[in-house]
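Remarks on the structure that follows.
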Amino acid sequence: MEEDPNLLVGRETSDDAGVYRLSDELALVQTIDFITPVVNDPYDFGRIAAANALSDVYAMGGRPLTAMNVVCFPIRKMDKDILREILRGGLEKIHEAGAVLLGGHSVEDPEIKYGLSVTGVVHPDRVLPNNRVEDGDSLVLTKPIGTGVLATAIKAGLVSEAAERQATETMATLNRYAAEIMLKYPVHACTDITGFGLLGHTLEMAVASGYTIRLFVEEVPLLPEVLDSVQMGLLPGGSFSNRNYCAHQILQVTPVDPMLMDILADAQTSGGLLISLPEDCAVDLAAELKSRGVTGAAVVGRAMGRSRGVIELA
Amino acid sequence: MGQETLDCRGLACPNPVLRTKALIEKGDTDRVTVLVDNAAAGENVSRFLGRTGYSVEILDMDGVFHVVGLRKESTETVHIPSQDTKISVENKIAVMVATDRMGRGDDVLGSKLMFNFIETLKEMGQELWRLVLVNAGVKLAVEGSESLPALIGLEREGVTILVCGTCLNHFNLLERKKIGETTNMLDIVTALQLADKVISLS
């Protein structure tokens, strides 16, 4: 383990990004994330991959300043216009985040991958870790889930155009707007929902905080056609792993439909923020998010008391 | 009347489902066997076939999953290869546990043995059908019980856990039950009657 008094968030808490204090007023937030295509359109993929990478900075309570492209592309075999479109989508999101592109690095690779290395800043006293859930907290989720299932359904060509569009726009939406509203509230802990799914990241928060967290399954917003796609057999392999990994730390207070359980475990790309704050503030936060365009926001859970870290489903 | 086998080993999701879909959309396939090499693909193909009007069994043979779908109106029966088949649903075993300790002699030892027993029950595999908890056995299913994770695991594997409501009430544990269906004596008697084999621990 790294030892340095200025290292505020390092590897050990499985948090979203690293945080390093530069002065009493300023800390550096650093993160890198790159992914394989989740939609067919290269411009949309660029937007989604960039939003996904920028999200880690927002989840720490920070503000992105600079970004660098990370690219793997079969440059000799594939049309360069595809790469241009990916980078155009990415740059658009970097600018929307108020950050600037400094450069990047590319590698020839048979499989396309794209993402960003992002540097941001945060006040050292206002870092939002994932491990400070407290008694009386409720949890607010800011985006609907199901992007892993829908990305698989899109690959299979088994989803309507409307559902594909909504999944694409959900993934391409920056967590910036949700984060800016969140920062006005007394938030105890925050993370963003990505590869481990809602179940996995909630469990991570529960274990790191030493709490039992109850998820209200019916309250979790789902993208359209997700349930149908899971019943068709379109759950990605990673989501199965999530489900099996979490299984032993889950208590079903009321029985949950196995298909719904799979969606809770579904690996997300560029998912929403999961925010832990006092219950009455959580209700206000969800309402304000909704009224200001973060339409997928909902109160989805509650801290139930100290434990080694358990998820209850009700 | 067709019978088809599809080798989808080495394919990642959603490809096994797509290949299966393409095959049965050609029509006339009463019985389809899809080979996949990972549990996720097996579950996905099984769901797809289940939804498309097939009854499905998954056979795990040395890491190759044979997903066998039989069109429901068809009269053919699924032939299950013997020996190396891990999944068979011919025998239904009901285990009734009427104590939170195993045996008499030393209570601390008895609790540990019971913990071990519940942990190890999964080795019965698919034949384990119901677990009935009565009298002090219900204490295994309440919050704080060390056996909860194992019970959760069993329930996920499809074992129905019946917890005696009268007993929970007697110990004042109704509110603290964490797993299983709270049930009555009629359900318990019916479960014991329908089981092919009953193992009782008291």
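Checked against the criterion of being surrounded by fewer than 18 Cβ atoms within 10 Å (Cβ to Cβ), more than 13 Å from every other protein chain (Cβ to nearest Cβ) and closer than 20 Å to B:I179 by Cβ, region A:204-216 has at least one qualifying residue.
The condition (being at the interface with chain A (Cβ under 8 Å from one of its Cβ atoms), over 27 Å from the mean Cα position of the chain (by Cα) and not basic (K, R)) is satisfied by just one residue among B:L18, B:L23: B:L18. Filtered by the rule that a residue be surrounded by fewer than 24 Cβ atoms within 10 Å (Cβ to Cβ) and closer than 23 Å to A:F216 by Cβ, region A:114-132 gives A:N131, A:R132. Every listed requirement among (1) hydrophobic (A, V, I, L, M, F, W, C); (2) out of contact with any Gly (no Cβ under 8 Å at 6 or more places or on another chain); (3) free of Cβ contacts under 8 Å to residues at least 60 places away in the same chain; (4) not in a helix (DSSP H, G or I) is met by B:V163 save one, (2).
If you go through region A:235-245 and pick out every residue that is farther than 15 Å from A:P258 by Cβ, within 7 Å of chain B (Cβ to nearest Cβ) and touching a residue at least 24 places away in the same chain (Cβ under 8 Å), you end up with 1.
Looking at A:L150, A:L101, A:L158, just one residue is of a type outside the set (K, R), buried (at least 22 other Cβ atoms within 10 Å of the Cβ) and more than 16 Å from A:L274 (Cβ to Cβ), and that residue is A:L150.
If I filter region A:246-265 down to residues being part of a loop (DSSP other than H, G, I, E, B) and surrounded by fewer than 24 Cβ atoms within 10 Å (Cβ to Cβ), which single residue comes out as farthest from the other protein chains (Cβ to nearest Cβ)? Result: A:D257. Taking the stated definitions as given, is A:L116 modelled with pLDDT of 95 or more and of a type in the set (A, V, I, L, M)? Considered against the rule, which asks whether it is modelled with pLDDT of 95 or more and of a type in the set (A, V, I, L, M), A:L116 comes out as yes. Please verify whether region A:148-166 includes one or more residues that are in contact with a strand residue (DSSP E or B) (Cβ under 7 Å, 6 or more places away or on another chain) and among the small types (G, A, S). Among the residues of region A:148-166, not one is in contact with a strand residue (DSSP E or B) (Cβ under 7 Å, 6 or more places away or on another chain) and among the small types (G, A, S), which makes the answer no. Counting residues in region B:134-157 that are of a type in the set (V, I, T), in contact (Cβ under 8 Å) with a residue 40 or more places away in the chain and not assigned by TED's automatic domain parsing to the domain that holds B:D60 gives one or more.
Summed over region A:266-314, the residues that are among the hydrophobic types (A, V, I, L, M, F, W, C), at pLDDT 95 or above and part of a loop (DSSP other than H, G, I, E, B) give a count of 3. Note on region A:135-165: among residues that are away from chain B (no Cβ under 14 Å) and in a helix (DSSP H, G or I), the one that is nearest to A:I213 (Cα to Cα) is A:T147. Just one of the listed residues (B:T20, B:T52, B:T5) is among the β-branched types (V, I, T) and surrounded by fewer than 16 Cβ atoms within 10 Å (Cβ to Cβ), namely B:T5. Any idea which residue in region B:151-165 is farthest from the other protein chains (Cβ to nearest Cβ), counting only those that are more than 9 Å from the chain's Cα centre (by Cα) and either farther than 24 Å from A:C246 by Cα or buried (at least 21 other Cβ atoms within 10 Å of the Cβ) (or both)? Per the criteria, the residue is B:C164. B:L192: aliphatic (A, V, I, L, M), in a helix (DSSP H, G or I) and closer than 22 Å to B:L113 by Cα, yes or no? Judged against the criteria, B:L192 is not a match. Residues in region B:23-44 that are among the small types (G, A, S), in a helix (DSSP H, G or I) and surrounded by fewer than 23 Cβ atoms within 10 Å (Cβ to Cβ): how many? Going through region B:23-44 one residue at a time, the tally reaches 2. The residue that is surrounded by the fewest Cβ atoms within 10 Å (Cβ to Cβ), among those in region A:16-55 that are in contact with a Pro (Cβ under 6 Å, 6 or more places away or on another chain) and not in a helix (DSSP H, G or I), is A:R21.
Checking every residue in region A:68-78 against the condition of being surrounded by 14 or more Cβ atoms within 10 Å (Cβ to Cβ) and within 28 Å of A:P221 (Cβ to Cβ) gives zero matches. Candidates are the residues of region A:217-234 that are under 17 Å from B:C13 (Cα atoms) and assigned to a loop (DSSP other than H, G, I, E, B); the one that is nearest to the other protein chains (Cβ to nearest Cβ) is A:G233.
Close contacts from region B:178-202, counting a first residue that is in the same structural domain as B:G110 (by TED's automatic domain parsing) and at positive phi and a second that is part of a helix (DSSP H, G or I) and of a type outside the set (V, I, T), with Cβ to Cβ under 6 Å and a gap of 6+ residues or different chains, come to B:G180/B:A141.
The values are calculated or read from the model by the stated rules, or taken from the named source; none is laboratory data. Here the structure is a predicted model, which is why all the values come from computation and not from measurement. Because the Cβ atoms are built from the backbone with ideal geometry, glycine has one as well, and the counts that use them run over all protein chains shown.
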